[in-house]
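Below is one structure, written out as structure tokens; the observations come after it.
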């Protein structure tokens with residue numbers, strides 16, 4: 001298997017080092033897609049943008065005599081004039097678009113090995129999201145067969161072999177497929193056929209696909225979100241455990257005169273100001289960019305700069321331990337992204353298992369923060385907390401601490417926690433004075449759980465006005481709880 | 001009075017053109033602060049970063065023989081080697097720090113005029129936020145006296161005169177001060193002494209100060225948020241109606257080895273990756289930047305690039321009509337910023353009066369979106385809506401439309417609106433499938449209001465499962481309302 005070393009973690013995201021025949025790649029990273037026929041930006045320039053690995057299509061090379069012969073004679077790296085790692089796709093994309101390809105799985109695997117690809121891909125079947133379960137299963141079974149065949153053809157120690165996980169939007173199929181491929185053993189696991197989901201803004205479904213497939217894999221396996229290249233979703237996908245991305249978007253969007261940002265996409269003709277400081281945007285005004293004879297190339301360059309900029313932002317966030325804060329910010333770029341964030345909170349239990357237990361200060365960003373892994377972890381930890389005697393739970397400082405056996409703090413979204421944890425992660429969180437409904441709901445539910453688990457103790461809760469919530473009444477009617485109403489002011 | 005032409009609006013934010021003796025400035029913009037003694041970046045380079053106007057301190061020039069003589073002889077513009085507009089401060093800052101200055105109001109106004117300042121500032125009294133009401137009022141009265149004196153000293157047609165609004169954190173004083181100054185008539189209205197609020201992350205208080213002072217001014221008066229230069233809060237402050245900012249931060253932060261981003265500030269020694277594509281960050285790795293002999297200068301340059309980048313982002317958002325979406329994203333940078341966003345929703349009624357009635361698609365970003373001016377406007381419009389007969393209110397498409405006299409759509413956070421408005425702003429909003437509690441609350445309150453205002457009609461509400469909320473019951477018990485429970489699936 002490949003060497004993939006994880007050095008830092010945050011949520012299910014990680015900084016990793018993937019060793020390939022042509023060098024080590026630090027992940028997460030995005031692979032610029034190189035079209036062997038038309039190169040908007042030359043492969044030899046890609047390192048300047050921040051690229052550590054490229055991806056191109058072996059099937060296009062295979063099909064064109066001139067390219068094939070040069071690739072077979074001088075190798076893929078000479079063909080592209082690039083000396084770093086290169087991944088190649090297999091023709092699966094063409095298969096998904098045209099319904100057939102003029103190559104077999106065995107032929108394309110052989111070809112990729114002969115031209116010196118660093119990461120090769122078998123001819124899997126990218127199944128469209130909206131097919132029936134039966135069709136998805138049938139495609140998946142063929143994919144698994146072909147991948148097993150490919151595994152037999154590629155000897156370990158040379159080309160890394162990718163094992164694409166398919167299964168459409170059926171969560172059980174994605175997980176099953178991942179598990180079966182995991183048993184065979186591949187070097188990189190692309191999650192395939194997700195482009196139609198992204199094209200139709202089905203980011204919540206994308207979250208399901210990623211989380212399901214991840215559950216079927218060894219947590220340390222490197223994952224490639226195949227076809228994902230818009231920086232808007234990097235933070236989200238990395239937080240769910242994706243390591244590699246590929247971007248044809250930088251060039252395709254440029255062809256459509258579209259200008260990418262981490263917040264979304266602008267049509268260049270609608271730009272009055274360029275919200276970027278990249279070399280292209282510092283050298284041109286919006287008007288100049290629109291009218292430039294090489295506008296497509298300039299846009300492709302800008303698009304690539306911001307793509308790598310966002311990846312650096314994501315990596316820095318993992319280092320700092322505030323990737324989830326970045327995710328919550330980025331997911332405000334579009335309501336469909338916000339849905340994806342909400343969907344991600346459904347996987348908090350899984351994320352909690354991956355997540356480091358101490359990080360940078362927890363920043364409350366909205367109702368979704370109340371469902372972060374750290375909050376869920378505290379809910380579980382409550383089961384190990386034993387409390388006796390008289391307990392003061394206070395939402396603000398008072399001078400009555402000494403009158404009680406135990407003093408607990410109350411801070412949404414966590415709830416009640418021992419005073420001596422106040423400066424400890426995550427209870428040292430920065431939160432808002434007026435919590436959202438959902439944050440209060442979880443805080444009170446956790447407090448009710450605490451009381452229920454320690455029924456011998458008696459509790460006095462000093463609440464704050466901004467902490468009013470229907471659940472306060474539920475707390476108040478408990479026999480051993482006294483709620484002291486907020487100071488009126 | 002100055003010529004200030006507003007060309008585009010969004011929320012209380014606007015694109016404006018301020019005419020000064022040395023040229024027209026497009027607002028919103030930030031004025032880099034030039035220290036006449038130490039120039040980390042030369043004034044002559046400032047246009048490359050995007051600067052349209054600089055600010056420096058006339059008191060520092062006045063106090064230093066060499067600078068004073070050159071300024072009096074050759075003029076301020078020659079002294080700084082900059083031919084565009086320059087604003088000068090008066091020594092008020094030094095007054096606030098040292099308690100006294102060696103110049104009178106009259107002297108410094110005279111000096112500013114003689115050296116050819118474009119926008120001059122009287123010697124006002126910057127009152128610290130936490131003084132008593134009496135002290136704030138006393139300071140304010142002196143400030144107003146001095147500003148009246150200054151107004152008498154500056155003839156119209158030459159130097160523009162700024163009238164700083166003081167009043168600490170007392171909303172009535174800020175509003176009163178603004179109103180009195182408005183009656184006198186100044187060319188630019190700085191909101192003064194807000195730096196201590198920003199230094200202690202009291203952004204919610206800053207919102208109060210800005211909104212109160214704005215209420216006392218003519219809406220078309222240009223406003224300068226004095227001392228505000230961190231890009232994190234530009235979107236928020238612009239949305240509240242601020243036009244000019246000044247940044248000493250770019251250089252001061254650099255001196256402390258701090259790296260600014262629109263999401264917050266990093267200490268450069270904690271950076272592993274540079275999340276930016278500016279010329280500095282493209283030419284250096286994080287390691288190289290840290291170790292550079294000219295690290296302070298490089299950081300100052302980076303800080304200035306991202307400062308102007310964010311201002312371009314803000315301006316583009318006003319053009320596009322999605323400034324409030326940008327505000328909601330940026331306010332997730334820190335929980336104190338989120339508090340400021342929540343505070344801003346308390347001023348929605350005022351914002352609604354400023355806000356254009358049709359803009360780019362409304363994007364739901366979180367509970368605060370439910371309190372946006374557009375939602376409030378719909379609540380008011382409900383009063384003009386007359387409905388009779390049988391009404392279908394539906395949260396999803398059904399085939400029963402024809403069985404009713406009137407069909408209304410239900411979409412949180414708006415509530416129920418006539419079907420023929422479905423594609424009209426703001427009802428064509430992009431929202432989330434699972435609304436936050438606050439969004440549902442407002443939608444149901446608006447629906448209850450609609451029913452109460454049209455008691456003769458009968459209503460059938462087809463609700464969705466994800467729209468469950470305590471207020472559904474309140475709707476259901478109304479005599480003329482039938483709630484059809486969600487389809488179970």
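Results, tabulated for the structure shown:
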{"item": "Convex hull of Cα atoms in region A:271-342, direction-averaged projection (nm²)", "result": "5.8"}
{"item": "Other copies of residue B:477: label-to-label distances in nm, shortest first, labels 7 Å along the beta-carbon direction", "result": "1.6"}
{"item": "Among beta bridges that DSSP assigns inside region B:10-96, antiparallel share in %, nearest 5", "result": "50"}
{"item": "Percentage relative contact order, region B:91-172, counting C-alpha pairs under 8 Å, at least six apart", "result": "36"}
{"item": "Copy-to-copy label separations for residue A:218, where each label sits 7 Å from Cα toward Cβ, in nm and ascending", "result": "7.4"}
{"item": "Cα convex hull volume per residue for region B:70-152 (Å³)", "result": "103"}
{"item": "In degrees, nearest ten, helix A:295-320 long axis to first principal axis of chain A (Cα)", "result": "40"}
{"item": "Longest to shortest principal axis, alpha-carbon extents of region B:362-436, angstrom", "result": "36, 27, 19"}
{"item": "25 °C / 0.890 mPa s Stokes-Einstein diffusion coefficient of region B:348-489, Kirkwood radius on C-alpha pairs, µm²/s", "result": "160"}
{"item": "For B:357-364, mean number of other protein chain Cβ atoms within 10 Å", "result": "2"}
{"item": "Across the identical copies, how the residue B:396 labels are spaced - nm, sorted shortest first, 7 Å along Cα→Cβ", "result": "4.4"}
{"item": "FRET E, pair residue B:102, residue A:471, Förster distance 51 Å, beta-carbon r, rounded to 0.05", "result": "0.25"}
{"item": "Beta bridges per DSSP with both ends in chain A, % antiparallel, nearest 5", "result": "35"}
{"item": "Highest-first arrangement of A:23-35, A:383-395, where packing means the average Cβ count within 10 Å", "result": "A:23-35, A:383-395"}
{"item": "Scattering curve values for chain A, log₁₀ I(q)/I(0), Debye with Cα scatterers, q = 0.06 Å⁻¹", "result": "-0.34"}
{"item": "Size-normalised alpha-carbon gyration radius of the protein assembly as shown, reference 2.2 N^0.38 Å", "result": "1.02"}
{"item": "Antiparallel bridges, percent of DSSP beta bridges restricted to the protein assembly as shown (to nearest 5)", "result": "35"}
{"item": "Value of [θ]222 nm, deg cm²/dmol, for chain A, DSSP H segments ≥ 4, -39500 (n - 2.57) each, nearest 500", "result": "-12500 deg cm²/dmol"}
{"item": "Relative contact order of region B:226-372, defined on C-alpha pairs under 8 angstrom at six or more residues apart (%)", "result": "26"}
{"item": "Mean separation of Cα contacts under 8 Å, 6 or more apart, over the residue count of region A:152-309: relative contact order %", "result": "18"}
{"item": "Translational diffusion coefficient (Stokes-Einstein; Kirkwood radius from C-alpha pairs) of region A:58-116 at 37 °C, 0.692 mPa s, in µm²/s", "result": "280"}
{"item": "Angle in degrees between helix A:133-153 and the longest Cα principal axis of chain A, rounded to the nearest 10", "result": "60"}
{"item": "Largest-first ellipsoid semi-axes for region A:401-484, taking √(5λ) over the Cα gyration tensor eigenvalues, angstrom", "result": "19, 17, 11"}
{"item": "Cubic angstrom per residue, convex hull over Cα atoms of region A:298-427", "result": "125"}
{"item": "Nearest-ten-degree value, helix B:65-74 long axis tilted from longest Cα axis of chain B", "result": "80"}
{"item": "Residue mean of other protein chain beta carbons inside 10 Å, B:310-321", "result": "4"}
{"item": "Likely footprinting exposure, A:354, A:242, fewest C-beta neighbours within 10 Å first", "result": "A:354, A:242"}
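Every number here is computed from the coordinates shown, using simple stated rules; none is lab data. Computed from a predicted structure; not experimentally measured. When we count neighbours, we look across all protein chains shown, and the Cβ atoms used for this are built from the backbone with ideal geometry, even at glycine.
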